[in-house]
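This report concerns only the one structure given below.
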Amino acid sequence: MGPVCWQCSGLIDGPLFCGACGALQSPPSDYFAFFGLGSKLSVDPAALQKRFYELTRLLHPDRFTRKPEREQSHSLEASSILNDGYRVLRDPVERAEYVLRGNGRGVNERRTQAPPELLEEVFELNMALDELRSGDQSARPAIEQACAGFEGMLAEADSSLMASFEAWDSGGGDTALDRIRSILDRRKYIQNLVRDASAALTAPVA
Ligand SMILES: [Zn+2]
């Protein structure tokens, strides 16, 4: 037997509202369950947005002012999950981090080290950055070129990420999660490199 409505004791077949009396139920805290999306990482942004607007309307505070206290309290809780959940699920990286955290693979500071295959490029970039910071303008082209290369790697990481989402969705399990964790770590590392290099390139010349 599934969950039962707190108000009419009818069976609840979907999330949030009782199909029999319409009462708002205690909302699921899991974002995927809340939005009724299943635990799929490949989310259709248009469908998610449509569901968000629909739920925003259904959970509008005006609809609950004359409802029992219990339902008002559920509506406050649901509105908060709605907004936090939408912010997380709409962004592929946030969405992946959410699933990784839920599966014991949260961000680990240790993993922010340079990926071994990038060590040489990172070393050269850092040398050029040191030169530029000490006033050697001739280091600029090397830094710009390195940034372009890293931007290309970020685009590749995004494609790999989408492919790994599909692998997880079709039952890829731990292997898919480990792959996603490693892509996100690499992506974050490269983003930081590009950010630091861009800051150095746009810093006022001393
Ligand atoms: Zn009911």
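The values are calculated or read from the model by the stated rules, or taken from the named source; none is laboratory data. Just so you know, these numbers come straight off a predicted model, no measurement behind them. Neighbour counts are summed over all protein chains in view; Cβ atoms, including those assigned to glycine, are modelled from backbone coordinates with ideal geometry. Note: areas computed on protein heavy atoms with side chains; ligands, DNA, RNA excluded. Shrake-Rupley method; radii C 1.70, N 1.55, O 1.52, S 1.80 Å.
Results, tabulated for the structure shown:
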| read-out | value |
| --- | --- |
| Residues within the range 16-50 that are open to solvent by 60 Å² or more (accessible area, probe 1.4 Å) and either touching a Phe, Trp or Tyr at 6+ places or on another chain (Cβ under 8 Å) or assigned by TED's automatic domain parsing to the domain that holds residue 166 (or both), tallied | 3 |
| Which numbered condition residue 68 fails, given (1) more than 16 Å from the ligand (Cβ to nearest atom); (2) touching a residue at least 24 places away in the same chain (Cβ under 8 Å) | (1) |
| Residue within the range 136-155 that is more than 21 Å from residue 203 (Cα to Cα), open to solvent by 40 Å² or more (accessible area, probe 1.4 Å) and among the basic types (Lys, Arg) present | no |
| Pairs, first modelled with pLDDT under 95 in the range 148-175, second among the hydroxyl-bearing types (Ser, Thr, Tyr), C-beta under 8 Å, six or more apart | 172/164 |
| Any hit, the range 78-97, residues being among the polar types (S, T, N, Q), over 14 Å from the mean Cα position of the chain (by Cα) and within 16 Å of the ligand (Cβ to nearest atom) | no |
| Evaluation of residue 67 against (1) among the charged types (D, E, K, R); (2) in a loop (DSSP other than H, G, I, E, B); (3) closer than 20 Å to residue 181 by Cβ (one fails), failing number | (3) |
| In the range 10-19, residue modelled with the highest pLDDT [restricted to those that are part of a loop (DSSP other than H, G, I, E, B) and more than 7 Å from the ligand (Cβ to nearest atom)] | 16 |
| Subset of the range 143-199 (residues that are in contact with a helix residue (DSSP H, G or I) (Cβ under 8 Å, 6 or more places away or on another chain) and outside any helix (DSSP H, G or I)) | 172 |
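To keep it simple, each residue is scored yes or no on (1) in a helix (DSSP H, G or I); (2) touching a helix residue (DSSP H, G or I) at 6+ places or on another chain (Cβ under 6 Å); (3) on the phi > 0 side of the Ramachandran plot.
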position	(1), (2), (3)
8	no, no, no
39	no, yes, no
49	yes, no, no
54	yes, no, no
57	yes, no, no
75	yes, yes, no
80	yes, no, no
97	yes, no, no
104	no, no, yes
